[in-house]
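Here's the structure, in structure tokens; my notes come after.
None of the figures in this text is laboratory data; all of them are computed from the coordinates on show. The model shown is predicted, which means the values in this text are computed figures rather than measured ones. When we count neighbours, we look across all protein chains shown, and the Cβ atoms used for this are built from the backbone with ideal geometry, even at glycine.
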Amino acid sequence: MGAGAGMERSRIVIAGGGLAGLSLSLALKRALGDDVDVVMCDPALSRDPHGDRRSFAIAASARRMFEALGLWDKVADKAQPILDMVITDSSLQDPVRPTFLTFEGAVEGEVFAHMVTSGDLTALLLDACRDIGVNLRPEGVKGFSVRGARTDVMLAGGETISAALLVAADGARSRLREQAGIGWIFWPYNQSGIVATISHERDHEGRAVEHFLPAGPFAILPLKDEVLPDGAVRHRSSIVWSERSGNVPALLESHPEDLQAELEKRFGLQLGKIAFETKPQAYPLAFGVARSFVGERLALLGDAAHLIHPIAGQGLNLGLHDAAALAEIITDAMRLGMDPGSPDVLLQYERARRADITAMGIMTDGLNRLFSNDLLPVRLIRDFGLGLVDRMPGLKRFFIREAAGLRREDAPRLLRGEAL
């Protein structure tokens with residue numbers, strides 16, 4: 001559905017072609033059609049997205065968003081539903097890892113999350129954006145200059161284009177956020193997240209496992225089976241291995257057999273023989289949040305606005321929530337004939353996202369500090385707490401709804417599965 005007749009065509013430039021930026025581009029173009037010129041700028045647009053083998057959990061609310069955007073049927077073909085989840089807490093040397101908390105994978109009649117590789121999801125979003133008329137520019141944005149009712153966006157190739165709004169989706173080290181003078185609250189965790197795809201002998205049966213270990217959580221996340229050319233089936237999972245940063249270089253540079261042995265200590269043998277399918281890669285873990293999510297004719301999106309610990313698997317979903325909120329606010333404003341880059345419109349976005357992002361940041365930071373240690377009194381308290389939650393169905397439903405992103409009744413329409 002397009003905007004009202006007679007509305008002046010506006011241009012919105014989105015700097016950064018990650019999953020949040022692509023989702024925003026698709027949502028705006030689907031809602032406003034020819035009444036908005038959506039320009040996506042990122043040098044990575046010239047590369048094959050399938051090279052990115054990282055995996056992400058798509059919460060139920062994000063699944064509803066992709067359904068509303070007409071994309072979920074294609075995503076579902078690539079996605080593995082999480083059917084249940086097990087949480088353990090132990091030391092690395094403990095011979096037995098007792099289960100303290102389990103979750104069934106369904107909430108309100110739907111799976112609370114699906115696993116999908118970043119490359120597959122990016123490729124599907126790119127195709128959908130291309131088909132609907134998003135202007136995909138494989139070059140970066142090097143700066144901007146606000147001039148009254150417009151901002152001049154300078155591209156890396158030397159061209160300058162005028163826009164009503166610039167969306168900075170250029171990551172945690174956002175140059176555009178820095179140019180706008182927006183402060184960044186930041187602290188490192190002295191942890192790195194090692195990510196890789198693992199093949200294993202037995203079927204994971206859709207189960208996700210999170211082992212809380214002294215160095216940080218070790219998550220095993222089920223991926224869709226891969227059918228090989230000879231018809232054989234390869235069972236696969238993604239791992240997110242949080243480790244003290246000082247240990248990571250020696251781990252990744254160790255002999256393959258030694259690294260395999262370290263993996264087996266953490267992964268366990270419940271799925272039979274295991275092997276690295278992709279080369280492990282490490283990413284430093286940190287907390288970061290922008291002091292403001294908006295500037296003059298500028299909105300921050302995804303990691304440019306916030307960075308959280310992956311302990312709850314909510315980093316991508318938080319960025320998709322940004323995209324859903326900003327798309328709704330811009331769409332509603334433009335249908336009323338308002339300027340999408342005006343202070344009144346951008347203030348709505350700031351208000352819509354601040355509380356949610358602050359709450360998620362506090363929660364993930366607290367969980368990481370609580371579980372990434374091996375002090376006996378702390379372990380006893382947290383294990384008692386996990387066991388208590390496991391025996392209280394109402395509290396378990398609250399946490400699973402939180403993880404699925406279904407708790408808030410005032411969530412953006414896309415996250416409720418409604419078209420803009």
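Distances longer than 35 Å among the Cα atoms of the chain: what percent of all pairs is that? Tail of P(r) above 35 Å: 29 percent of Cα pairs.
The long axis of helix 256-267 is offset from the longest Cα principal axis of the chain by roughly 90 degrees.
Taking a straight Cα-Cα cut-off under 15 Å and skipping sequence neighbours fewer than 8 places away in the same chain, the aspartates and glutamates within cross-link reach of Lys142 are Asp42, Asp152, Glu159, Asp170, Glu178. With the alpha-carbon atoms of region 201-302 aligned to their principal axes, the span from lowest to highest coordinate is 56, 34, 24 Å, starting with the largest. FRET efficiency for the pair Ser162 and Leu336, taken as 1/(1 + (r/R0)^6) with r the Cβ-Cβ distance and R0 = 25 Å, rounds to 0.65.
Segment Phe276..Leu367, full-extension length gain: 29.9 nm, with 0.36 nm per residue of separation and the alpha-carbon distance subtracted.
Altogether, the Stokes-Einstein calculation at 20 °C and 1.002 mPa s, with the Kirkwood radius of region 57-99 over Cα pairs as Rh, returns a diffusion coefficient of 164 µm²/s.
Based on the Cα coordinates of region 267-334, what is the per residue volume of their convex hull in Å³?
154 Å³
Calculated from the alpha-carbon coordinates, region 1-140 shows an Rg and a Dmax of 19.2, 70 Å respectively.
Say the cut-off is 24 Å between C-alpha atoms; which of Lys224/Lys273; Lys224/Lys279; Lys78/Lys279; Lys29/Lys224 go over it?
As for pairs spanning more than 24 Å Cα to Cα, those are Lys29/Lys224.
In whole percents, the pair-distance distribution calculated for region 92-206 from its alpha-carbon pairs, binned every 10 Å from zero, is 8, 21, 27, 23, 14, 6, 1.
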